[in-house]
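**Q** One structure coming up, written as structure tokens, with questions to follow.
Derivation of every value follows stated rules applied to the coordinates shown; laboratory data play no part. Quick caveat, the model's predicted, so the values are computed rather than measured. All Cβ positions, even for glycine, are placed from backbone atoms using ideal geometry, and neighbour counts span all protein chains on display.
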Amino acid sequence: MKSAVTTVVAAADAAGRFPSISDIEAVKGSFDRAPARMEAAEKLAASIERFTAEAVDAIYGSGGSYDQTNKDKCARDINHYLRLINYCLVTGGTGPLDEWGISGMREVIRAQVLPTAAYIEAFTYIRDRIAIPKDMDQQAATEFKGLLDYLINALS
């Protein structure tokens, strides 16, 4: 699984060199942000069901032609991706999303006849509704929102 450390080591290894000072500084930066990531992971874990329900209500609450089965699939997937984001917050890298979520994601969504736009709208809603300091502090929210943006961009 990719983390800040494994990414730096793999890049240096692929280039046939030892990690550079800038590589080491990047790892240090990841370690420095670890407390904020851990807070975000803890707060996300405590609120994952609420975030999922609110996002589904936001995208399906205004009506539409989707049946309960599609809403349930969408809620399941939103919850799944939020758990992957939680893993990313813990590891300090995008590995869990890259390896278990983004690879093949569009094909799965298409096969289930779920609109990608609904997922983009759901994750955008979650990103934009984070209340500081109610949900988490500013730095934790920044870490969480960065991963939501990463996922939104992958879906776009």
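**Q** For segment 116-156, what is the largest minus smallest coordinate of the Cα atoms on each principal axis, given in angstrom and ordered from greatest to least?
**A** 30, 14, 8
**Q** (1) 20.5; (2) 16.5; (3) 18.4: which one is Kirkwood radius over Cα pairs in Å as calculated from this entry?
**A** (2)
**Q** Can I ask one more? Could you work out how much longer the chain between residue 108 and residue 13 gets when fully extended? Use 0.36 nm per residue separation minus the Cα distance between them, nm to one decimal.
**A** Result: 30.8 nm gained on full extension.
**Q** Just from the alpha-carbon atoms, what are the Rg and Dmax of segment 1-66 in angstroms?
**A** Rg then Dmax for segment 1-66, in Å: 19.5, 57.
**Q** What's the lysine pair count for the chain at a Cα cut-off below 20 Å, pairs eight or more apart or interchain?
**A** Close lysine pairs found across the chain: 5.
**Q** Nearest 0.05, what FRET efficiency do residue 73 and residue 142 give at R0 = 41 Å with Cβ-Cβ as r?
**A** Efficiency at R0 = 41 Å is approximately 0.85.
**Q** Follow-up. How much mean residue ellipticity at 222 nm does the chain get from its helices, if each DSSP H run of length 4 or more adds -39500 (n - 2.57) and you divide by all residues, to the nearest 500 deg cm²/dmol?
**A** After summing the helix terms and dividing by residue count, I get -24000 deg cm²/dmol.
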